[in-house]
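Quick notes on the structure that follows.
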Amino acid sequence: MTGPLHGAAAGRAATGQVYRIEWFPGTDLLHGTCHCGAAHTDLDPVEMWTWMLGHPEGHVSEHRHD
Amino acid sequence: MATAFARNQWYVAAYGREVGRELLGRTILGEPVVLYRTEEDDRVVALADRCVHRRFPLSESRLEGDRIVCGYHGFSYDTSGTCVFVPGQQRIPRTARVNAYPVAELDSFVWIWIGDPALADAKQIPRAPHLADPQWTTVSGMEPIDGDYGLLVDNLLDLSHETYLHGGYIGTPEVAETPITTEVDEAAGVVRVGRHMPDAACPPFYARSTGIEGRITRLQDIEYFAPCLYLLHSRITPVGQEAPSFRTEITYAITPSAPGQVYDFWAVSRDFAQDDAEVTGFLRDFNHQVVMQDVDALNLLQRALDREPAGYQELSINIDTGGLAARRILARLADR
């Protein structure tokens, strides 16, 4: 899940700007990481996507590189 | 709420095997289309399925060579959609032409572009190479659903429903119990959802096709290339073992037909027991039953939604993380 798109299946170019949301096993918590490196934890996937796609608003990260 | 159509995109219109010298009628994004294969060079032609004269369906007409002759008054069209004959007169009106749609045959599918033909680029078609690869054995079919195409996208992006809707077929308790990881490449229009079950019951779908009797490690990795192509890369192994490993590629093409109607193209490809006719027959019949469980459920769901007052509310939870991303991408593609 962390690599590039399956090469054989990709008919379109990956942009490298990937949003990732992990659901921590044993919890109800979602942990989101924006392509800019900013991270956010939430219990609600709707709220998570609102934060994620609000980039760059509120996306503060030590690893930010955009 | 109806999911808007994204017009400037490639969609699967048919399997290549369905298109021949018999005229085939399909409705894609609300547009009636007639498909056939030319005598001259075996290529697929897709034209608007209504005669310019009195709107008779050309798919209910006949071929003369590579021309369609309207079954009502004999208006005849060449492969470019140009009318080349009208009955009883020499002058063919300049407006006597039907749309010809860009098409491409790839990976056993016939892809069609309904939107602006100037934007059609076949290199943008997402690939499913296993469908035409002799190393894989594939069973496939198509079922129309009387439901919004967004309902089918929702269904396929959240496989936790396997536990409840497809229990005893492909679902086991572990599917719904196992957390997912979601990755979205928003600009590329790709959603990936992974669900990795280290120790799960083996559902009949896999037990009977692989012969595994005990518990399995089951990996489900979805790639959804919005709006049409969905791939589920499935891999199972007996728990605690690296081998044998059984790979199955489950492919869907989700083609909106009309508002509230969708074509559900489905295929199951396997890299094991490729020449075993019994396994092929089992997977064809068994998966068809699974597809029909979805068809029945989505038909029912659409009828229920149609009776809801406007502005009804839904509730989304963690299992919907990928489906929510797909909805946003579809809305963006429809705005283009």
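The values are calculated or read from the model by the stated rules, or taken from the named source; none is laboratory data. What you are looking at is a predicted structure, and each value in this text was computed from that prediction instead of being measured. No Cβ is skipped: glycine too gets one built from the backbone with ideal geometry, and neighbour counts run over all protein chains shown. The accessibility values were calculated without ligands, DNA or RNA, using every heavy atom of the protein model including side chains. Shrake-Rupley method; radii C 1.70, N 1.55, O 1.52, S 1.80 Å.
Summary of values
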quantity	calculated
Rounded accessible area of B:Leu131 (nearest 10 Å², 1.4 Å probe)	20 Å²
Whole-number accessible area per residue in Å² for region B:204-271, which is evaluated in the context of all protein chains at 1.4 Å	30 Å²
Distant-in-sequence amide H partners of B:Val84 (H built 1.01 Å from N, under 5 Å)	B:Ser76, B:Tyr77, B:Asp78
Normalised contact order of region B:137-280, rounded percent, pairs of Cα under 8 Å and 6 or more residues apart	26 percent
Buried area at the B-A interface (accessible, heavy atoms, 1.4 Å probe, summed, Å²)	2900 Å²
Normalised contact order of region B:1-136, rounded percent, pairs of Cα under 8 Å and 6 or more residues apart	24 percent
The protein assembly as shown, accessible surface, carbon-and-sulfur percent (1.4 angstrom probe)	50 percent
Solvent exposure of region B:1-87 as accessible area per residue, Å², 1.4 Å probe	46 Å²
Cα shape, chain B, gyration tensor, a/c 1.5 rule	prolate
Shape of region B:13-87, Cα gyration tensor, a/c cut at 1.5	oblate
Length-normalised contact order of chain B in % [C-alpha pairs under 8 Å, at least 6 apart]	19 percent
At least 40 Å² accessible surface lost relative to isolated chain, residues of region B:176-215 (1.4 Å probe)	B:Pro179, B:Thr181, B:Thr182, B:Glu183, B:Val184, B:Asp185, B:Glu186, B:Ala188, B:Arg192
Whole-Hz couplings from phi, Karplus 6.51/-1.76/1.60, listed for region B:83-88; x for Gly and Pro	6, 10, 7, 10, x, x
Rounded accessible area of B:Asp121 (nearest 10 Å², 1.4 Å probe)	50 Å²
Accessible area (Å², 1.4 Å probe, nearest 10) - A:Trp23	40 Å²
Paramagnetic reach from A:Gln17 (point 7 Å along Cα→Cβ, amide N under 15 Å) across region A:28-63	A:34-38, A:52-57, A:59
Over chain B: helical MRE at 222 nm, DSSP H runs n ≥ 4 each giving -39500 (n - 2.57), nearest 500	-6500 deg cm²/dmol
Angle between chain B longest axis and helix B:277-306 axis [Cα atoms, degrees, rounded to 10]	80 degrees
Cysteines having no other Cys beta carbon under 4.7 Å from their own, within chain B	B:Cys83, B:Cys202, B:Cys228
Region B:149-262 shape via C-alpha gyration tensor axes, a/c threshold 1.5	prolate
